[in-house]
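Asks: This is the structure I have questions about; it appears just below.
Since every read-out is calculated from the coordinates, none of them should be taken as a lab result. Because the structure is a prediction, the values reported are computed rather than measured. Neighbour counts run over all protein chains shown; Cβ positions are idealised from the backbone, glycine included.
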Amino acid sequence: MKKYRLGVLGAGNMGLAIARGAVQAGRCLPADILLMNRTPEKRAARAAEGFAVTGDAAVLYGSCEQVVLGIKPQIFDAVLPLLAADLPKEHPLVISIAAGVSFEKMEALLGADCPIIRVMPNTPLLLGLGASALVKNAAATQGQLEEVRALFGAMGMTVVFEEEKMLNEVIPYNGSAPAYVYAFIEGMARSAQAHGIERGQALELISKTCIGAAQMVLQSGKAPAELIREVCSPGGTTIEAVKVLEGAGLNAILAEASDRCIARAYELGR
Ligand SMILES: NC(=O)c1ccc[n+]([C@@H]2O[C@H](COP(=O)([O-])OP(=O)(O)OC[C@H]3O[C@@H](n4cnc5c(N)ncnc54)[C@H](OP(=O)(O)O)[C@@H]3O)[C@@H](O)[C@H]2O)c1
């Protein structure tokens, strides 16, 4: 029996959000979660929230039933060998949220018998509105996959893929997509300001419209193209805007941005 239910190696934005989400969802108490941060200041702040804390990655790896790897892809090569140096007899269930880092790479350091679930989450999970994609390696059981799915499901919606490569292919559409939406909101807000609308009002109008339009897609049963047609009365205003977006090649721009995003995920995994 391990001392902690959950450990987070690299309790940064995402790692901490997952730890807090697990508590909010009633899956465990803060004291059942061990967080690793390198600086005493961060550890003190997390301890004040009731979490157990450590500065030692190997201690965390050896004492938790499930370990979230919340570190950036670029530092896996530096951190995973520290864990491998002192491998516990029984592996924890490893949950990696890192973009691009493959099972092959992690198994080479932790052992092919180490159960690993890769998850591509996104930051709206901070609000319980996340959208996460999951895939398991050969050593992980269906039950373990369901357990991790329930954890992320408590912080938003989830999809499960069979093929590992889909965790790279999906990144533009959930992990990175909030940045696309923020860029859209910023561009629209600047345009609104140029037309005399105060920035705060513009951000609220546009953001609420994004939420409403997204709900229309989810709840109306209509395709986005049909919903566009419904807003575009012939000879009206919207059609003029849509013509500009189409003329500028919006779909091609989104496709190119997403292709580059995915290519970078494959690069990070090498
Ligand atoms: N941000 C997103 O939108 C998003 C979306 C999907 C997936 N992800 C993935 O989530 C992961 C974390 O991203 P993030 O935005 O949460 O990053 P972050 O806030 O920078 O957190 C990374 C954490 O890694 C820790 N760390 C750095 N170097 C370390 C080392 N040598 N040893 C141990 N810990 C170390 C830092 O710990 P200290 O506190 O000790 O400095 C920090 O808390 C990444 O792999 C990213 O690909 C992010």
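Asks: Report, in listed order, any pair from Lys42/Lys136; Lys42/Lys208; Lys3/Lys89; Lys3/Lys165 with a Cα-Cα distance greater than 24 Å.
Replies: Numbers: Lys42/Lys136 31 Å; Lys42/Lys208 35 Å; Lys3/Lys89 14 Å; Lys3/Lys165 34 Å.
As for pairs spanning more than 24 Å Cα to Cα, those are Lys42/Lys136; Lys42/Lys208; Lys3/Lys165.
Asks: Taking R0 as 41 Å, what FRET efficiency do you get between Glu90 and Lys222 from their Cβ-Cβ distance, rounded to the nearest 0.05?
Replies: Working: r = 51 Å, r/R0 = 1.24.
Between Glu90 and Lys222 the formula returns 0.20.
Asks: Which order do the peptides 258-264, 223-229 come out in when sorted by mean C-beta neighbours inside 10 angstrom, highest first? Mind dumping the intermediate values first?
Replies: Numbers: 258-264: 15.1, 223-229: 11.4.
Final packing ranking: 258-264, 223-229.
Asks: Mind checking which of Met120, Ser191, Ser258 is farthest towards the positive end of the chain's charge dipole, using Cβ charges of +1 (Lys, Arg) and -1 (Asp, Glu) about the Cα centre?
Replies: Ser191
Asks: Looking only at segment 201-226, which residues have a backbone nitrogen under 13 Å from a spot 7 Å from the Cα of Glu246 in the C-beta direction?
Replies: The answer is 225-226, whose backbone nitrogens lie closer than 13 Å to the label point.
Asks: If you don't mind, there's one more thing I want to ask. Compute the length gained on full extension between Tyr182 and Ile253: take 0.36 nm times their separation in residues and subtract their Cα-Cα distance, giving the result in nm to one decimal.
Replies: That pair, Tyr182 and Ile253, stretches by 24.0 nm at full extension.
Asks: Another question, if that's okay. What are the ³J(HN,Hα) values, in whole Hz, obtained from phi via the Karplus relation 6.51 cos²θ - 1.76 cosθ + 1.60 with θ = phi - 60°, for each residue of segment 53-69 in sequence order, with x given for Gly and Pro?
Replies: 9, 8, x, 10, 4, 5, 4, 4, 4, x, 10, 10, 5, 10, 10, 8, 8
Asks: Continuing with this model, one more query. In whole Å, what are the Cα extents of segment 10-67 along the three principal axes, biggest one first?
Replies: For segment 10-67, the Cα extents along the three principal axes come out at 27, 23, 19 Å.
Asks: Percent of Cα-Cα pairs per 5 Å bin, from 0 to the last occupied bin, for segment 4-162, please list those.
Replies: Distribution as computed: 2, 10, 20, 24, 22, 15, 6, 1, 0 percent.
Asks: Find the relative contact order for segment 177-269 and round it to a whole percent, using C-alpha pairs within less than 8 Å whose residues are 6+ positions apart.
Replies: On the way: 22 pairs, mean separation 11.2, N = 93.
Dividing the mean separation by the residue count of segment 177-269 yields 12 percent.
Asks: Another question, then. Once both labels are modelled 7 Å past Cα along the beta-carbon direction, what's the Ser233-Glu164 spacing in nm?
Replies: In this crude spin-label approximation the distance works out to 5.6 nm.
Asks: Amide H neighbours of Ala133 under 5 Å, counting only residues 5+ apart in sequence or on other chains, H built in-plane at 1.01 Å?
Replies: The list, which skips near neighbours in sequence, is Met120, Val159.
Asks: Using 7 Å Cα-to-Cβ label points, what is the Arg199/Met157 separation (nm, one decimal)?
Replies: Between Arg199 and Met157, the label points sit 3.3 nm apart.
Asks: Something else now. Could you give the angle, 0 to 90 degrees to the nearest 10, between helix 199-220's Cα long axis and the longest principal axis of the Cα atoms of the chain?
Replies: In the chain, helix 199-220 runs at an angle near 80 degrees to the longest axis.
Asks: Right, here's the next one. To the nearest 0.05, how large is the calculated FRET efficiency for Arg38 and Arg264 if R₀ is 22 Å and r is the Cβ-Cβ distance? If you can, show how the numbers build up before the last one.
Replies: Values: r = 26 Å, r/R0 = 1.18.
In this case the efficiency is close to 0.25.
Asks: Tell me, what ³J(HN,Hα) does each residue in segment 101-108 have, in order and in whole Hz, if you take phi through Karplus 6.51 cos²θ - 1.76 cosθ + 1.60 with θ = phi - 60° and put x for Gly and Pro?
Replies: Values, residue by residue: 5, 7, 4, 4, 5, 5, 5, 4 Hz.
Asks: Magnitude of the Cβ-charge dipole of segment 4-162, K/R +1 and D/E -1, about the Cα centre, nearest 20 debye? Present the calculation step by step, with values, prior to reporting the outcome.
Replies: Details: 13 positive and 14 negative charges, 88 e Å.
About 420 debye.
Asks: Treating the Cα atoms of the chain as identical point scatterers in vacuum, please give the log10 of the normalised Debye intensity I(q)/I(0) at q = 0.08, 0.15, 0.17 Å⁻¹, two decimals.
Replies: Values, matching the q order: -0.40, -1.11, -1.32.
Asks: Let me ask you something else. Just from its helices, what would the mean residue ellipticity at 222 nm be for the chain, if runs of 4 or more DSSP H residues each count -39500 (n - 2.57) and the sum is divided by every residue, rounded to the nearest 500 deg cm²/dmol?
Replies: Details: 12 runs with 139 residues, N = 270.
Helix-only estimate at 222 nm: -16000 deg cm²/dmol.
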